[in-house]
Structure formats: structure tokens, C-alpha cells
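This report refers to the structure that appears directly beneath it.
Rule-based calculations on the coordinates, nothing more; no lab input. Predicted model only: the values in this text are computed from it and were never measured. Positions of Cβ are generated from backbone atoms using ideal geometry, with glycine treated the same way; all protein chains shown enter the neighbour counts.
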Amino acid sequence: MNPVYNAGIALYKCAANIAALRSKKVRHMLSGQEETMTRLRNFRRDMAPDGFDLWIHAASLGEFEQGRPLIDALLANRPDVKILLSFFSPSGYEVRCSYDPRVAVVYMPFDTPSAVRDFLDIAKPAKAVFVKYEFWGNYLDELKARGIPVYLISSIFRKGQIFFRPWGGMFRRMLRNFEHIFVQEENSRKFLAGIDIDNVTVAGDTRFDRVTAIRRKGHDIQAIDTFIAAHPGMPLLVVGSSWEKDEDVYVDALRKRPGLLAIIAPHEFDKNRLSVMRRRLGSDATMLLSDFMRLCYESPEAARKAAASIRYLIVDSYGLLSSIYRYATAAYIGGGFGVGIHNINEAAVYGIPVAFGPNHGKFVEARELIACGGGTCVRSADDMASFLDRVMSDKNFLERSGSASERYIASKIGATSIIMRHIFNIETN
């Protein structure tokens with residue numbers, strides 16, 4: 001890449017080091033990157049002496065859920081496959097660092113020329129897949145120079161992005177390094193065609209395949225069964241990926257509706273965050289899910305008594321939310337009062353109404369879910385109160401909106417099959 005880009009990466013790295021002085025998350029990322037080359041050498045020695053069959057990079061846990069269907073399909077169809085999975089964010093790495101014995105998991109080093117060369121010298125991937133928004137100039141240039149095909153999956157392109165600006169030539173050149181680009185919808189293909197990028201397929205979003213697989217495989221959670229059984233007939237709201245700004249909208253509405261239960265999963269949590277959430281909801285009416293699960297294991301009778309006295313469970317561990325949605329009467333997905341909503345498909349697949357905040361314009365699935373009647377945009381505390389009232393009393397709304405959500409998800413599955421056929425010549429169901 002040119003000196004301007006490399007200077008920008010150097011500044012980004014410097015800023016991360018400064019941020020690490022105050023951010024535990026950034027410190028984890030940097031310390032993980034320092035271990036990457038050693039871990040890679042060990043993985044090569046122990047599991048992939050000839051190099052990895054595939055390197056797949058996802059920025060964080062959300063993007064991993066889009067790449068996961070490809071990983072799982074490869075593991076199922078080629079039992080001897082060796083996969084390298086990299087993350088940039090601890091939110092992905094720390095949750096998925098032990099995903100499968102055939103998957104080596106590392107942090108992706110910063111996109112400096114020397115780090116890129118060292119990374120690829122050790123990894124020796126046969127192919128590479130980047131997920132959604134991952135555009136790293138030095139990695140893409142070096143992969144191209146080495147003749148390693150790299151693909152972009154589940155991507156979305158919008159008119160205002162730098163690729164389509166007069167001064168975006170450097171970024172347009174990045175796109176030309178991809179062997180093939182798989183986009184979520186037709187508008188993205190048209191935008192790319194406008195800058196002469198034609199190696200593009202409209203495949204859809206692999207997350208639809210992922211959430212459908214979760215629903216099919218799903219499992220019951222004893223603690224949730226106990227919680228619901230203690231409140232027969234009461235509707236349940238499941239809140240996924242909640243931020244403080246979301247809580248400003250829904251907490252008061254929940255507290256004023258004693259006939260409604262809620263299970264709330266914060267997007268990120270630590271001891272202080274969980275303590276604040278409990279106080280806001282009412283400590284006497286709230287338990288951490290981990291504490292309640294422990295109580296269910298140690299004393300089912302005590303758990304039943306405790307369940308009758310609480311209305312809210314706070315999810316304080318990763319990996320359960322996608323299964324918890326199966327219990328919901330309706331869901332609210334967080335992030336829409338901040339940088340953008342999180343995964344609404346995880347909830348919609350269960351055929352329930354799904355609400356989210358106003359910052360959803362960049363998310364095709366949100367716009368389409370609203371259009372078909374499965375989604376509801378909540379712009380204020382009053383909107384939230386109205387939504388909860390409908391959840392509690394309007395059976396026609398629940399049935400109509402829930403059916404729309406379920407049909408919408410079913411109409412979108414199949415992206416994984418398209419991508420697997422093109423990249424790996426593998427037919428999947």
C-alpha cells in the first residue's frame with residue numbers, strides 16, 4: 001500500500017496503545033496480538049504442517065456468526081480440513097478461542113507490511129475469506145501477490161462509502177484484490193458494477209442460515225423453564241445486546257408493567273455494569289442468570305421459590321442468548337440508540353415480534369422486517385411502552401407480526417450453499 005495508508009495504520013496502532021492505558025478490552029487485543037506469531041508457529045507444527053486450507057477473518061463475534069456457517073460446512077464435509085480463524089476484537093477471540101480442534105484461533109496483527117509478511121509466511125493459507133466489512137490494504141495486496149485467492153462474504157455496499165467517492169481510488173484498488181465478492185443484496189452489486197467491479201454474486205446473508213440452524217438444533221435451558229413456570233401465562237420479553245441508552249428507553253416501561261417478565265442480555269458486562277443494571281431494574285426483582293442456574297442445580301425447590309419472587313433475569317455469560325430467544329413472546333434488540341442494532345435475525349427466526357431502536361438504516365434486514373410487519377421501530381420511551389402494551393394484550397399483533405418474522409427468515413436462507421459451491425465446490429443442504 002502507499003505511504004499515506006501505512007502512515008494511517010501506524011497512527012491507528014499508536015492510538016490503540018494509548019487507549020490501552022484505560023481500556024481493558026484494548027489491552028487484551030494488544031497482548032493477544034503479541035502472542036499471535038508464537039501461537040501460529042505452534043498451530044502449524046501441531047495441526048497444519050503444510051499450511052492452512054483456509055484462513056477466515058472476522059472482526060468480532062458478530063461477524064464470526066456470519067462466517068461460522070462456512071466453517072461448520074467445511075468441518076462437516078471435509079473432516080481433515082485445517083482452518084485458521086482470526087479476530088481483531090476480544091469480543092470474538094475470547095468467546096471462540098477454543099472453537100474446534102481443527103480450527104486455530106488467533107488475533108489478527110495490525111496491517112503493517114512487515115506484520116503481514118510474517119503472518120502469511122507462517123500461516124501459508126491456501127485460500128482466505130474476509131467477512132463483511134474487512135478491507136485491509138496490505139493483507140489484500142500481499143495475498144494477491146502470493147497468488148492466494150481471497151473472498152469477501154456477506155458484504156454490503158452503500159452509496160456514501162469511500163469506494164464510490166472521487167478520492168476513493170486507493171480503496172477501489174483494494175476491492176480488485178478479491179477473487180470474488182458475495183454481497184447481501186442487489187443494490188450492493190449495482191454500486192460495485194458502477195466502479196467496474198463485476199466479480200460479484202448476490203448470495204444473501206449467511207446469518208439467516210446460521211440462525212435457522214440454531215433453531216433446528218436448539219436446546220432447552222432448565223433455569224429458563226423454571227423461571228417461566230413460576231409465572232404461568234405471563235408474557236416474556238427477551239432483550240438482546242442491551243446498551244445503557246437502550247435501558248433508558250425500556251427500564252421504566254418494564255417496571256410499570258408488573259405483568260411482564262424480561263430476560264436481558266447486556267452487550268458487554270462487568271461487575272459494575274451488572275450491579276447498575278440490577279439497581280435500575282430493582283434488585284429485589286432481579287437475579288443474574290448464572291446465580292439462578294447455580295441455584296437450580298443445587299436446590300430445585302429453592303430455585304422455584306426464588307423464581308416466583310423475581311421478574312427479571314440478567315444474562316451474564318456468552319453463548320446462551322440465541323437459545324433463550326425461543327422462550328420469548330417478543331424481543332427487543334439493542335444498539336439502535338447508538339452505533340447500530342445488533343443481530344435481529346437471532347430473534348426473528350423464532351416467529352416473534354422484534355423491536356429495535358431508530359439507528360437501523362444500514363441494516364437491510366431491519367428495513368425489510370419492518371416492511372413485512374415483523375419488525376417495530378422504537379424511537380422513544382413512549383414507543384417502547386406502546387410496544388410492550390401490544391405484547392401484553394394484543395394477540396392478533398403477536399400472531400401477525402410473529403408469522404411475518406418467521407416467513408421473512410425462511411425466505412432468506414441459502415447464502416452458505418451459494419458460497420460453498422463457488423469457493424470450495426461443495427454442495428450443502
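For region 316-356, the set of chymotrypsin sites (Phe, Trp or Tyr not before Pro) satisfying both a DSSP loop assignment and a count of at most 15 other C-beta atoms within 10 Å is given as TYR318. What shape does region 13-92 have by the C-alpha gyration tensor, where a ≥ b ≥ c are the square roots of the eigenvalues, rounded means a/c under 1.5, and otherwise prolate means a/b greater than b/c and oblate the rest? In terms of gyration-tensor shape, oblate. Under the membrane-span-like helix rule (DSSP H runs whose alpha carbons stretch at least 20 Å along the helix axis, mean Kyte-Doolittle hydropathy 0.0 or higher), the chain yields 3-19, 61-77. List, in the order given, every pair from LYS305/LYS395; LYS82/LYS271; LYS190/LYS245; LYS305/LYS412; LYS217/LYS256; LYS13/LYS127 whose Cα-Cα distance in the structure shown is over 32 Å. Cα-Cα > 32 Å for LYS82/LYS271; LYS190/LYS245; LYS305/LYS412; LYS217/LYS256; rest within.
In the elastic network of the chain, a GNM with C-alpha springs shorter than 10 Å, the most mobile of GLU34, GLU298, GLU406 is GLU298. Residues whose amide H comes within less than 5 Å of that of GLY335, counting only those at least five positions distant or on another chain, are TRP243, ASP246 (H built at 1.01 Å from N in the peptide plane).
What residues qualify as long-range amide H neighbours of TYR107, i.e. H under 5 Å apart, gap of 5 or more or another chain, H built at 1.01 Å from N? Excluding prolines and chain starts, which carry no amide H, the hits are PHE87. Rounded, prolate or oblate for region 220-410? Axes are the square roots of the Cα gyration tensor eigenvalues, ordered a ≥ b ≥ c, and the cut-off for rounded is a/c under 1.5. Verdict is prolate for region 220-410. With both labels modelled 7 Å from their Cα along Cα-to-Cβ, the SER114 to ALA381 distance reads 5.5 nm. Normalising the average separation of contacting C-alpha pairs (under 8 angstrom, six or more residues apart) by the number of residues puts the relative contact order of the chain at 13 percent. Per-residue ellipticity at 222 nm from helix content only, as computed over the chain with -39500 (n - 2.57) for each DSSP H run of at least four residues, stands at -15500 deg cm²/dmol.
A Gaussian network model of the chain, with springs between Cα atoms under 10 Å, assigns the largest mean-square fluctuation among GLY282, GLY402, GLY204 to GLY282. GNM on the chain, alpha-carbon springs under 10 angstrom: the most fluctuating residue among VAL315, VAL95, VAL378 is VAL95. With the cut-off at 1.5 for a/c, could you classify region 203-257 from its C-alpha gyration tensor as rounded, prolate or oblate? In terms of gyration-tensor shape, oblate.
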